[in-house]
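For reference, the structure discussed in these notes is given below.
The values are calculated or read from the model by the stated rules, or taken from the named source; none is laboratory data. These figures come from a predicted structure and were not determined experimentally. Quick reminder, even Gly has a Cβ in these numbers, built from the backbone with ideal geometry, and neighbours come from all protein chains shown. We work out accessible area using only protein heavy atoms, side chains counted, and drop any ligands, DNA or RNA first. Shrake-Rupley method; radii C 1.70, N 1.55, O 1.52, S 1.80 Å.
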Amino acid sequence: MDKIIIEGGGHLKGTVEVSGAKNAALPILAATLLTEEKCVIKNVPMLRDVHTMIKILRSLDVKVQAEQNRVIVEPKKSGQYEASYKFVSTMRASVCLLGPLLAKKKKARVSMPGGCVIGQRPVDLHIKGLKALGASIKIEHGYIAATAKRLVGKNIFLGGAYGSSVLATANVLMAAVLAKGRTLIENAACEPEIVDLADFLVKMGAKIKGQGTPLIDIEGVKRLSGATHSVISDRIEAGTYVLAAAITDGDLLIEKANIEHLSALIDKLEQVGVSVVKKGTGIHVRRKAKILKSVDVTTMPYPGFPTDMQAQMMALASVSDGISVLTEKIFPDRFMHVSELNRMGADIFLEGASAIVKGTRKLSGAPVMASDLRASAALILAGLVAKGKTEISRVYHLDRGYEKIEEKLRNIGAKIKRVKEE
Ligand code: UD1
């Protein structure tokens, strides 16, 4: 297993380029199953989760070529309709194969994703939506087994205890594009990754309106053709580099970052004392204030503050002045990074689904353990600003979501390296 070693204390300066969005690329790759024609997907980040999705597609008899950041997919008629536990256990996003498999092959067997370290991850909304379209679904032997002679459009309210669901919206959308008649998804997720998926489906010939709003209107078509598409840039990766500039009192140009996708984060950073402005095809980040102010943040579905930035924001709050409160409204148990940040000198305690962060203005390097993808990013940010050496183990989580992160950080002045753990 690898670990990352950071010598903290420097200011990050220069230009860093954002990769394609993992959370857009994964459902888009799944959507290629909806056609028998060739699809070319560009700007795909070469990450562990993307490789897992490619392995699943290959296990479904699909020909996939991946070179640099381009993936060429040539699906064909095949009897395979199962995504096995071997893959799904390592990547929950594989649940979004249900919709396309059901629409195209009339049958799907996808392993139940199970819980994960950021908390419970139920699939009731996925099942509700697909059942509404006419699928019959059973949970058997740890698998979601779905069949449908034909899917028929319906009005579906897709909201749960925590609001909309990104992957349930993706699943129902991908099933509805080939269903007979019209589907209205109410309380649909508005995330940019859903818009990107819908845009790809439209290029394939799907009839979709309202993507990016809570009401998506789909008129089913008989068949979809192949298409070429370039994945949007990763707003969470971009946001992480924004915070890297902020936390190290650096000055960064973040190329290919889409400022419109980062409004909630930028609004909070304005309050903290960080300037984020559009510059060319990217954004420019630097501090306005020498000492950062505290901030209260509540995670929400898009366009609210993303849960995938909560851990990184907590690293920033740890070194600001005053008390910040970070509240989770999406995954109330997503606080595994708190104890690790505290090991680096942060002063954070949990009160229900809120973390109370007393800014200490300085952290000290320590050996810490990454528990999940975004927690790993938070520990890297903390390591960049901490005095001395931080050693982060279990960094395989990081490889699920950040393309070439050490190389990108090194190029802007970070003292960071990856070593093999004895
Ligand atoms: C996606 C993202 C993940 C992000 C999350 C929330 C991908 C591959 N992953 O995950 O990075 O953290 O959105 O922005 O795109 N829920 C239910 N029932 C369901 C499904 C979800 O109650 O059937 C709940 C969840 O437990 C959670 C909330 O709805 O509380 C939102 O989760 P959801 O949007 O579904 O997350 P994912 O799509 O799995």
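So here's what we get for this one:
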| item | result |
| --- | --- |
| Accessible heavy-atom area order of His229, His261, His11, highest first, probe of 1.4 Å | His11, His261, His229 |
| Environment charge of Ala66, counting only residues whose C-beta is closer than 15 Å and scoring Lys/Arg +1, Asp/Glu -1 | +4 |
| Under 13 Å, Cβ to Cβ, from Thr213 - net charge with Lys/Arg +1 and Asp/Glu -1 | -2 |
| Under 5 Å, built H, 5+ apart or other chain: amide partners of Val295 | Ser324, Val325 |
| Over segment 22-230 - Rg/Rh using Cα atoms and the Kirkwood inverse-distance radius | 0.92 |
| Exposure rank, largest accessible area first [Asp234, Asp124; 1.4 Å] | Asp124, Asp234 |
| Over segment 88-232, relative contact order from alpha-carbon pairs under 8 Å, at least 6 apart, % | 21 |
| Charge-dipole axis of the chain as Lys and Arg at +1 and Asp and Glu at -1 on Cβ define it, positive-most pick from Val177, Ala238, Gly413 | Val177 |
| Between segment 232-266 and segment 87-104, the alpha-carbon center distance in angstrom | 30 |
| Dipole moment magnitude, nearest 20 debye, segment 343-401 about Cα centre, only Lys, Arg, Asp, Glu C-beta charged | 220 |
| Electrostatic dipole magnitude of the chain [Cβ: Lys, Arg +1; Asp, Glu -1; Cα centre; debye, to 20] | 1080 |
| Selected from Gly205, Val277, Ile247, residue furthest toward positive end of dipole (the chain; charges at beta carbon) | Gly205 |
| Accessible surface, per residue, of the chain when the full set of protein chains is kept, probe 1.4 Å, Å² | 40 |
| Net charge of neighbours whose Cβ lies under 15 Å from the Cβ of Gly160, counting Lys and Arg as +1 and Asp and Glu as -1 | +2 |
| Sequence-distant residues sharing a close amide H with Thr228 (under 5 Å, placed H) | Val40 |
| On Cα atoms only, tilt of 192-203 relative to the major axis of the chain in degrees | 30 |
| Selected from Ser393, Ser320, Ser59 as most flexible by GNM, with the chain as the system and alpha-carbon contacts under 10 Å | Ser59 |
| Interchain or long-range residues, amide H under 5 Å from Phe305's placed H | Met300 |
| Point-charge dipole on Cβ atoms (K/R +1, D/E -1) for segment 22-230, about Cα centre, debye to 20 | 740 |
